[in-house]
Amino acid sequence: MTGIRSPMSHLRQLEAESIFIFREVFAESEHPVLLYSVGKDSSVLLHLALKACYPAPLPMPVLHIDTTWKFREMYAFRDQIAVTHGLNLLVHTNREGLERGVNPFVSGSQEHTDVMKTQALRQALDKWGFDVAIAGARRDEEKSRAKERVFSFRAAGHRWDPKQQRPELWSLYNGRKRRGESMRVFPLSNWTEFDIWDYIMLERIPVVPLYFAAPRPVVERGGLLLMVDDERFPLRPGEVPQIRSVRFRTLGCYPLTGATPSTASDLPTLLQEMRTITTSERQGRAIDHDGAASMEAKKREGYF
Amino acid sequence: MVSGTATPEARSTAPALRFITCGSVDDGKSTLIGRLLYESRLVYDDHLESLGVDSQRFGTRGAEPDYALLVDGLAAEREQGITIDVAYRYFATSARNYVVADTPGHEQYTRNMVTGASNADVAVVLVDARKGVLVQTRRHSFLVSLLGIRHVVLVVNKMDLVDFSEPAFQAIVRSYRQFADTLGFRSVVAIPACAVRGDNVTRASDSMPWYHGPSMMEYLDALQLAPSDETAGFAMPVQWVNRPNADFRGYAGRIVAGWVRKGDAVKVLPSGRESIVDRIVVKDGDPEEAGAGESVTLTLRDALDVSRGDVLCRRDATIECAAQFEATVVWMHDEPLLQGREYLFRQASRTVLATVAPVKYRINVNTLEQQPAERLELNDIGVVELSLDQAVAFTPYASNRDLGGFILIDRLSGATVGAGLLHFALRRSQNIRWQAIDVDRHVRAAQKGQKGCVIWMTGLSGAGKSTIANLVDRGLVAAGRHSYVLDGDNVRHGLNKDLGFTAQDRVENIRRVAEVAALMADAGLVTIVSFISPFEAERRMARALVPPGTFIEVHVDTPLRVAEARDVKGLYAKARRGALTNFTGIDSPYEAPKAPEIHLDTTVLTAEGAAERIIGYLLEAGIIGSLDGRPEPGKAGPPPTVP
């Protein structure tokens, strides 16, 4: 074995690191679960998980926290992916919240997110007794995430305390915990939004078609272009949905997710378009505007 | 603008360069990184908009945008205006991708700096042009060198505040190099800059025509790291055994050194069993070979017992296995590292139990002086001896971070309490066997009719140690036994005459005496050591040098007021006057032994009585046979034998 070999590419390095993180979880945790939110990051996360365990099937269930307000295309995509990969797909909705009538239009983004996502996630983890939840959050998404560990420790009651986070040196991830404590694990910590798209292109990973431009019915509200995805959308007097060519940069609950006018209908044009983008990924999300350091407050409460 | 803004099309496929920024508080680290992000167009309009709001609320720059606020994330640190954790930032130029570890400058957060440095290739050390090289600058440079970083960029920031003066810059560079020359960096490049304005950060500065070197980003874009050693033997810690069914048994892991090909001969460490690589399995199809950094799954021709924590390596690899090490430890927890306590030791994919015994010394990170210590507090760095309950495969940290780096975990809480670097294996027991294989201590003992041992007498100055030691020695010699007294004062006239009374020298003083005592005991002598030896750690170190049962710790217990009242040598009076510092009992603590073999209360015992107690103990413990051939009262049974 001689001669100079070309070094691993940036994406292959990220891939190898993520696979390594998955395998740490396979080897060391008792009841892990893969959190799947149907977005592009979840697509990459699942793709890497399947590589990490190959040729074995995914040794953990996949959990979708369903607020009941996702885009219809997301539900269709989710169910199809579950069949394609033979996933053990678990879906949890906060029934109590639903019965109380919490909903993004009436309750506002903050309460909706807290009850239907944060609380729902805690309920689901407790219900099935998961001690490790793998999620697709990235450090480049938001300032408070830049300091998040790959193995993020949660005290009893899913509490995130910045002071209890463990130093992570080299590739030594410490996943030890006591009864009642848990871990959130983020294999995509070191990926950027660009990396995600480059990798989707490189590996031809299927994503929800909403990421690509198509004519869709939208109304403009509070500076956001909202898609009228079903009959639950309460149109205000005078509001008439317009058909516009739009796409989504991130996907969440449709009443809280702003669309971008775009004609990028495939990956190459989408990547082209991203060169000129001047707003951040989360700009289309209502929840991040709720106040300075709002993400940190959410994390303390258990939002991943 | 960063030389060629990153775009999806222009993006480099080169692996990311990881760098760490370090400097003191207010040197402008966060501002520098904020500017890099800003200029590489990774700051979006909505971020800038909130920056405008935040700048007015928290900013320190008046009406100008405060770039530091782009990177200071947690609410607590925004309020305090300091960075209190490691933040990772990502950006790219047309040349390469970057990961920046932004670490805090405050002393109490050394642990975060070490964490950030653990994965970095390059360190950017910031210095405020007005302040020059500070204690923190030295500390940070030492830490990054400790963690194996070989390239340093010295950014002399805030040049605008010294009128862009070249002599000011050169003076700082000279002072830095003087210090850094001792740290083993491969390259140190100095750049005068003004991060707030962007001068020499991403582009050449108009204000410093005397500087002809590259901007910081030009330099980093062009920096070539030494390629990973192509000849290094293949090594892969087994992370996970993949057994989906009875037909497949794969060993999953990330390769940490070298290359592996199908058909290569490999061995499993620590067991040493050998086999041949059958397949390299990845989901997209088996490759012919795989190299360092890749996550793969290997199958072997033979069914061996391989589990998580084992290391697969080339059959002729020189990777060692050992259970005892000298290592550097950085302590990261509020609860101090305690000698003798068990911690979980995690290195590569292996977790075993470790005990620290002893702490050899603490490194003063400001002066790099070695200081005696028996525990390590939060953010202390020390050199220790580590004893594991099982052997692990390793290489020194200097050769491979993945096989030489480890963390220590609290067994109860599971918290990561320390991190460390393995230096080399200790093989004391092997050496003794090797040196004394023909005439061993038992043979010598049989010849002399006694077991070699160390009687370690500890106590305050003036407690009566020397007097008692002298009496014991006389008694033994009179009875035809072989003994010797190592006296603190006497040893300082010869063996230790090069040592002074600094804390560091005192530890060395004790170490040498302990080693000499161990040799004498090995030669079969009853060796009496009469030393104040105030610290438990040193006495434990001395004890560890001889076989179990042959170290007799004698606490010559005299209350301070009694010893001070006697003051035979007039030393207490001197110490009280302040003419003598570091004097045990006055301005330096005495740690009484918790479980000495013999406790002598000199307020009730005479010196003669104390000596008798010691000789009685030697008889009872079978170290010496009965004196004058007379059986001891109550010990009439079989004559004492030498084992």
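Residues whose amide H lies under 5 Å from that of A:LEU251, counting only those 5 or more places away or on a different chain, are A:LYS40; hydrogens are built 1.01 Å from N in the peptide plane. Annotation: amide H of B:ARG411 within the under-5 Å range of B:LEU344, sequence separation 5 or more or interchain, hydrogens built in the peptide plane.
Sequence-ordered 3J(HN,Hα) estimates for segment A:161-169 from the Karplus curve with 6.51, -1.76 and 1.60 and θ = phi - 60° stand at 10, x, 6, 8, 6, 8, x, 10, 10 Hz, glycine and proline given as x.
Heavy-atom accessible surface of segment B:358-419, averaged per residue, reaches 35 Å², computed with a 1.4 Å probe. Each Lys and Arg adds +1 at its Cβ and each Asp and Glu adds -1 at its Cβ; summed about the Cα centre, segment A:162-249 shows a dipole of about 580 debye.
Rounded, prolate or oblate for segment A:63-147? Axes are the square roots of the Cα gyration tensor eigenvalues, ordered a ≥ b ≥ c, and the cut-off for rounded is a/c under 1.5. Since a/c stays below 1.5, the shape of segment A:63-147 is classed as rounded. Going by accessible surface with a 1.4 Å probe and the largest first, B:HIS151, A:HIS47 read A:HIS47, B:HIS151.
Name the shape class, rounded, prolate or oblate, that the alpha-carbon gyration tensor gives for chain A, where a ≥ b ≥ c are the square roots of its eigenvalues, rounded holds for a/c under 1.5, and otherwise prolate holds if a/b is larger than b/c and oblate otherwise. It comes out oblate by the Cα gyration axes. Take each peptide in B:136-145, B:184-193, count the other Cβ atoms within 10 Å of every residue, and average; sorted highest first, the result is B:136-145, B:184-193. Accessible surface area normalised per residue over segment B:440-629 is 45 Å², counting heavy atoms of protein chains with a 1.4 Å rolling probe.
Please label the shape of segment B:235-314 as rounded, prolate or oblate, based on the square roots a ≥ b ≥ c of the eigenvalues of the alpha-carbon gyration tensor (a/c under 1.5 means rounded; beyond that, a/b larger than b/c means prolate, else oblate). Taking the square roots of the gyration eigenvalues as a ≥ b ≥ c, segment B:235-314 is rounded. Here is the list for segment B:500-600: trypsin sites (Lys or Arg not before Pro) lying in DSSP coil, each with at most 12 other C-beta atoms within 10 angstrom of its C-beta, are B:LYS569, B:LYS594.
Placing A:SER144, B:SER387 in order of accessible area, with the largest value first and a 1.4 Å probe, yields B:SER387, A:SER144.
So how far, in whole Å, is the C-alpha centre of segment B:599-625 from the one of segment A:240-258? That distance is 90 Å. Other residues whose C-beta falls under 9 angstrom from the C-beta of B:GLY250 contribute a net charge of +3, scoring Lys and Arg +1 and Asp and Glu -1.
Taking the average, over residues, of other Cβ atoms within 10 Å as the packing measure, peptides B:322-328, A:17-23, B:206-212 rank A:17-23, B:322-328, B:206-212 from highest down. The contact residues of segment B:284-311, meaning those that lose at least 30 Å² of 1.4 Å-probe accessible area when all protein chains sit together rather than their chain alone, are B:ASP284, B:SER295, B:ARG308. Kindly flag which residue pairs out of A:LYS40/A:LYS70; B:LYS131/B:LYS158; A:LYS40/A:LYS143; B:LYS262/B:LYS283 have an alpha-carbon separation exceeding 18 Å in this structure. Cα-Cα > 18 Å for A:LYS40/A:LYS143; rest within. Straight-line reach from B:LYS448: which lysines have Cα under 24 Å away, leaving out those fewer than 8 places along the same chain? Here the lysines satisfying the reach criterion relative to B:LYS448 are B:LYS635. Where the accessible area of segment B:184-341 is counted over protein heavy atoms with a 1.4 Å probe, how much of it, in %, is carbon and sulfur? That fraction is 45 percent. Residues of segment A:133-163 that bury at least 30 Å² of accessible area when the other protein chains are present, relative to the chain alone (probe 1.4 Å, heavy atoms, ligands and nucleic acids excluded): A:ARG139, A:LYS143, A:ALA146, A:LYS147, A:ARG149. Per residue, segment B:235-314 exposes an accessible area of 39 Å² to a 1.4 Å probe, with every protein chain left in place. With viscosity set to 1.567 mPa s and temperature to 4 °C, compute the Stokes-Einstein D of segment B:322-426, Rh being the Kirkwood radius across alpha carbon pairs; µm²/s, no decimals. Estimated diffusion coefficient is 97 µm²/s. The equivalent ellipsoid that matches the C-alpha gyration tensor of segment A:1-157 spans semi-axes of 31, 18, 16 angstrom, in descending order.
Once the partner protein chains are put back, segment B:340-358 shows a loss of at least 10 square angstrom of accessible area, versus the chain by itself, at B:LEU344, B:ARG346, B:ALA348, B:THR351 (probe 1.4 Å, ligands and nucleic acids excluded).
Quick one: plug the Kirkwood hydrodynamic radius of segment B:440-629 (C-alpha pairs) into Stokes-Einstein at 37 °C, 0.692 mPa s, and report D in µm²/s. In µm²/s, the coefficient is 194. The phi-based Karplus calculation (6.51 cos²θ - 1.76 cosθ + 1.60; θ = phi - 60°) puts the 3J(HN,Hα) values of segment B:89-98 at 10, 10, 7, 9, 10, 5, 8, 6, 8, 10 Hz, whole numbers, x for Gly and Pro. Chain A contacts chain B over a buried accessible area of about 6400 Å², both sides summed; the probe is 1.4 Å and only protein chains count.
Ignoring lysines fewer than eight residues from A:LYS177 along the same chain, the ones with Cα atoms less than 26 angstrom from its Cα are A:LYS117, A:LYS127, A:LYS147, A:LYS163, A:LYS298, A:LYS299. Here chain A exposes an accessible surface that is 51 percent carbon and sulfur, computed with a 1.4 Å probe and the other protein chains kept in place. Between segment A:111-157 and segment B:495-551, the C-alpha centres lie 55 angstrom from each other. Here's how it looks for B:GLU597: its modeled amide H is under 5 Å from those of B:GLU553, which are all 5 or more places away or on a different chain. At q = 0.06, 0.07, 0.08 Å⁻¹ the log10 of I(q)/I(0) for the protein assembly as shown amounts to -0.54, -0.70, -0.87, computed by Debye summation with a single uniform scatterer per C-alpha, solvent ignored.
For segment B:461-468, 3J(HN,Hα) computed residue by residue from phi via the Karplus equation (6.51, -1.76, 1.60; θ = phi - 60°) reads 4, x, 6, x, 4, 5, 4, 5 Hz, glycine and proline entered as x.
When nucleic acids and ligands are ignored and a 1.4 Å probe is applied, B:THR367 ends up with an accessible area of around 80 Å². Annotation: aspartates and glutamates with alpha-carbon distance below 13 angstrom to B:LYS497 (same-chain offsets under eight excluded): B:ASP489, B:ASP505, B:GLU508. Largest first, the three principal axis extents of the alpha carbons in segment B:104-195 are 36, 26, 20 Å in whole numbers. Peptide B:418-427 shows a mean partner chain C-beta count of 1 within 10 Å per residue C-beta.
The values are calculated or read from the model by the stated rules, or taken from the named source; none is laboratory data. All figures in this text were calculated on a predicted structure; none of them were measured in a lab. When we count neighbours, we look across all protein chains shown, and the Cβ atoms used for this are built from the backbone with ideal geometry, even at glycine. Accessible surface is based on the protein model in full, side chains and every heavy atom, while ligands, DNA and RNA are left aside. Shrake-Rupley method; radii C 1.70, N 1.55, O 1.52, S 1.80 Å.
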